[in-house]
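To start, the structure itself, in structure tokens.
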Amino acid sequence: MAQRLVIELDRADTNYWLDVWRFRELFLVLAWRDLSVRYKDTVFGVLWALLRPFLAMLVFTVVFGKLAKLPSDGDVPYSLMVIVGMTVWSLFSASWTEAGSTLIKETNLITKVYFPRLIVPASLMVVNFVDFLISFAIIAILMIWYGFLPSWHIILLPFFLVLAFVANLGPGLWIAALSVKYRDFRYVLPFMVQLGMYVSPVGFTSNVIPDEWRWLYSLNPVVGIIDGFRWCILGGQGGLFGIGFCWSLVATGFFMWLGTRQFRKTEKRFADLL
Amino acid sequence: MSEAIVSVQNLSKQYLIGHQTDRFQAYGGAAYDEGNLRLAIRRGVQGFLRSSKRLLRGEQMIRGDSVEEFSALDDVSFDVKRGEVLGIIGRNGGGKSTLLKIISRITEPSGGRVIINGRVASLLEIGTGFHPELSGRENIFLNGAILGMSRAEIRKKFDEIVDFAQIERFIDTPVKRYSSGMYVRLAFAVAAHVEPDILIVDEVLAVGDTEFQNKCLGKMREVSGGGRTVLLVSHNMSAIRNLTSRCIVMSAGKLVYDGNPAEAIRKYAEVLDQRRVEEQSFGKGTHTAIKSAYLVDEDGSPVPTYTAGEPLRVDVVISTDGGASYSVDLILTTGDRQKLALGALQAFHGVTLPKEPGTYRAVLEIEPIWLASGDYSLDIATSIGNAAFDHYVEEALPFQVLSCNPGDQSWDFQQIHGLGSFAIRHRRPPVFKPA
């Protein structure tokens, strides 16, 4: 056990990712803890993960589908299109809203024990991701209801799942790090997330965006993810794998870089700031 | 040198703290009066601009108009050998916690370095990370992981932990239903079964009942006996005396003594005393001001500690504008700020400060109290007719009781026994007759 550790200003950087690996058990335990207490003392329990997107979908279908008569994606039922978008959006909105307070909630741990702080927002993302996976059941139920068969695209689902996780984590880290320093984010976030639902193609298909603006629109990483899932599960009219999807990938990568960098930079001061 | 398991070299840590400048302070409370509304707005706008500027530069947000660097640790160096139990004492704000936080990697130093050869586990506050909704069983795994144990390790020691904590029956009950005693026992049990090379302990001994405390002390001895190193921070001098083999004293971020525990405790008392002479500034109330307060002995010379069972003498200097009848009140608290007793001059004795404006000195002599050994503090306040405080000085006079022996047996009644803060004696020994 000849572990030798040198603590110095800015020294923590050198072994960072090794430390993240060493603390993987803590990461698992924290994720497991959050999962097991998430629906404690609720009547519907884990059903909430299904109910929330379903209820939102009903509202959208009535207001935008029936009253405003927004077009669907080809011959896909409007409700089905919305539920896929809504499920994906729920993942992002839940994670990003909670990311703002996740580190603050763990003040007790952070100011008392050392571990790579990355574990805290990462385990939050895992918990929300599990919710996300569970909510796929509602999509399956609706598909059976409409007698809608998925296309062969469905075999690419794992790829999109990974992509969704990464696209979720990047901005999540960024928000988490900034929220410790500037509590303003607690007030800004719910508002931004609410706006985001209407800006992202949840209640409509991104095909309604004029082609010349598609690339700009796709800078919102959620656009590429939602389009991807729709393509993957519902087939739809295709045509999304143009320049737009690439821009979404770039934006996802950029946010991952930005989030990690910001987090690492602020991380060592967390204990002093909280 | 090679056997040093922890080596602290020229360690320092600075924090930035904000102040409000005099210009604004002068208007202080009156800033929101009509005439000063403009000033208040200007101040708000300037504050906003300043924080926006900091936000853009990615700097830390600091309240106040000017920023000052505060040195929490200043060029501290020492080595700890394998198997040594090192005590760390010093008054609050002396730098103990900062030192431990750096060694346990919670915060980074601003300068210097620490070299550690081995695994560190810290019990900065036991029960860290306990989740109230989870059962005892689940919390053992959670807390173990937080303290750096692997799941395999926890599984191996699980029975031992449950046994140590004496909670077999409640192992599957959520810990929010635990009594505070059970909670603490479980928390310490997990912590005590972590097997690090270096164990950092901060004030955990002040919990639980006597029996459990003895168990904890035994465990600590066992840990250090097994060749492991312990860094113990405590305000409890008898724990320091009994457990440590060496002790350092911290004051104002500097290491002022490094050596044997008995000498360190004496040095610590000196530091406390010195502070009293040097930096006593209590501010002032509206009509009165408490200028200074010392613990003194029979002859009126300052003493660092109070001897249980003797009169408690406090030398106070107070100024008054003579406007009303001002009472002087003493509030006795424990080191962790639990109020124990009140002494109100006017209500109990009909005595008030003189009606002539001026500065007065008096020695307040309190009847003997059998205070258990440990940390205490006196809040000193002036009040108007016992109705409202005019000048309230919190922790005006922190002091220690080093030993308390209310009987003639050789026994030290300590705060950490958890049996109370002072002893109540019988007026005369009772006689048991056949009933």
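Overview of results
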read-out: Test: residue in the stretch A:150-161 that is within 14 Å of the chain's Cα centre (by Cα), among the polar types (S, T, N, Q) and in a loop (DSSP other than H, G, I, E, B); value: no
read-out: Residue check for A:L26: within 11 Å of chain B (Cβ to nearest Cβ), touching a Gly at 6+ places or on another chain (Cβ under 9 Å), in a helix (DSSP H, G or I) and touching a residue at least 24 places away in the same chain (Cβ under 8 Å); value: yes
read-out: Filtered residue count, the stretch B:141-177, keeping only those that are exposed (fewer than 14 other Cβ atoms within 10 Å of the Cβ), over 14 Å from B:A187 (Cβ atoms) and either among the acidic types (D, E) or in contact (Cβ under 8 Å) with a residue 24 or more places away in the chain (or both); value: 5
read-out: Residues being in a helix (DSSP H, G or I) and in contact with a Leu (Cβ under 9 Å, 6 or more places away or on another chain) - total across the stretch A:168-203; value: 13
read-out: Residue in the stretch B:87-95 that is within 14 Å of another protein chain (Cβ to nearest Cβ), at pLDDT 85 or above and touching a helix residue (DSSP H, G or I) at 6+ places or on another chain (Cβ under 8 Å) present; value: no
read-out: Unmet requirement for B:D329, which otherwise passes all of (1) closer than 22 Å to B:A289 by Cα; (2) loosely packed, with under 15 Cβ neighbours inside 10 Å; (3) acidic (D, E); value: (2)
read-out: Conditions (1) more than 26 Å from the chain's Cα centre (by Cα); (2) loosely packed, with under 14 Cβ neighbours inside 10 Å; number of the one not met by B:D336; value: (1)
read-out: Failed item, numbered, when B:E69 is tested on (1) within 11 Å of another protein chain (Cβ to nearest Cβ); (2) surrounded by fewer than 23 Cβ atoms within 10 Å (Cβ to Cβ); (3) in a strand (DSSP E or B); (4) at pLDDT below 85; value: (1)
read-out: Any hit, the stretch B:163-175, residues being within 13 Å of chain A (Cβ to nearest Cβ) and either at pLDDT 85 or above or not in a helix (DSSP H, G or I) (or both); value: yes
read-out: Filter result (within 14 Å of another protein chain (Cβ to nearest Cβ) and within 19 Å of the chain's Cα centre (by Cα)) within the stretch A:32-71; value: A:W32, A:D34, A:L35, A:R38
read-out: Matching residues, the stretch B:282-297, being touching a Lys or Arg at 6+ places or on another chain (Cβ under 9 Å), over 21 Å from B:A372 (Cα atoms) and not polar (S, T, N, Q); value: B:F282, B:K284, B:I290, B:K291, B:A293
read-out: Breaking point among (1) modelled with pLDDT of 80 or more; (2) more than 25 Å from B:I103 (Cβ to Cβ); (3) surrounded by 14 or more Cβ atoms within 10 Å (Cβ to Cβ), for A:V20; value: (2)
read-out: Residue that is farthest from B:M237 (Cα to Cα) [pool: residues in the stretch B:292-325 that are in contact with a helix residue (DSSP H, G or I) (Cβ under 7 Å, 6 or more places away or on another chain) and not aromatic (F, W, Y)]; value: B:S325
read-out: B:V120 vs. criteria crowded, with 17+ Cβ neighbours inside 10 Å, touching a Pro at 6+ places or on another chain (Cβ under 8 Å) and within 14 Å of another protein chain (Cβ to nearest Cβ); value: yes
read-out: Strands (runs of 3 or more DSSP E) lying entirely in the stretch B:338-435 (those with 2 or more residues that are at pLDDT 90 or above and under 19 Å from B:A293 (Cα atoms)); value: B:339-344, B:358-366, B:374-384
read-out: Meets criteria (under 16 Å from the mean Cα position of the chain (by Cα) and away from every other protein chain (no Cβ under 14 Å)) for A:F255; value: yes
read-out: Which listed residue, of B:D375, B:D379, is out of contact with any Asp or Glu (no Cβ under 6 Å at 6 or more places or on another chain) and within 23 Å of B:Y306 (Cα to Cα); value: B:D375
read-out: Complete set of residues in the stretch B:179-234 that are modelled with pLDDT of 75 or more, crowded, with 22+ Cβ neighbours inside 10 Å and part of a helix (DSSP H, G or I); value: B:Y183, B:R185, B:L186, B:A187, B:F188, B:A189, B:V190, B:A191, B:A192
read-out: Failed condition for A:G74, given (1) out of contact with any Gly (no Cβ under 6 Å at 6 or more places or on another chain); (2) more than 11 Å from chain B (Cβ to nearest Cβ); (3) part of a loop (DSSP other than H, G, I, E, B); value: (1)
read-out: Those residues of the stretch B:73-109 which are within 19 Å of B:E263 (Cβ to Cβ) and within 14 Å of the chain's Cα centre (by Cα), in sequence order; value: B:I88, B:I89, B:G90, B:R91, B:G94, B:K96
read-out: Residue check, B:D375 in contact with a helix residue (DSSP H, G or I) (Cβ under 8 Å, 6 or more places away or on another chain), closer than 30 Å to B:I89 by Cα and of a type in the set (D, E, K, R); value: yes
read-out: B:A289 being under 12 Å from B:T382 (Cβ atoms) and not in a strand (DSSP E or B); value: no
read-out: Which listed residue is among the β-branched types (V, I, T) and away from chain B (no Cβ under 14 Å), from A:I110, A:I119, A:I104; value: A:I104
read-out: Positions within the stretch A:77-95 being of a type outside the set (A, V, I, L, M), crowded, with 21+ Cβ neighbours inside 10 Å and out of contact with any Gly (no Cβ under 6 Å at 6 or more places or on another chain), in sequence order; value: A:G85, A:T87, A:W89, A:F92, A:S93
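The values are calculated or read from the model by the stated rules, or taken from the named source; none is laboratory data. These numbers were taken from a predicted model, which means no experiment stands behind them. Note that we place each Cβ from the backbone using ideal geometry, even for glycine, and neighbour counts take in every protein chain shown.
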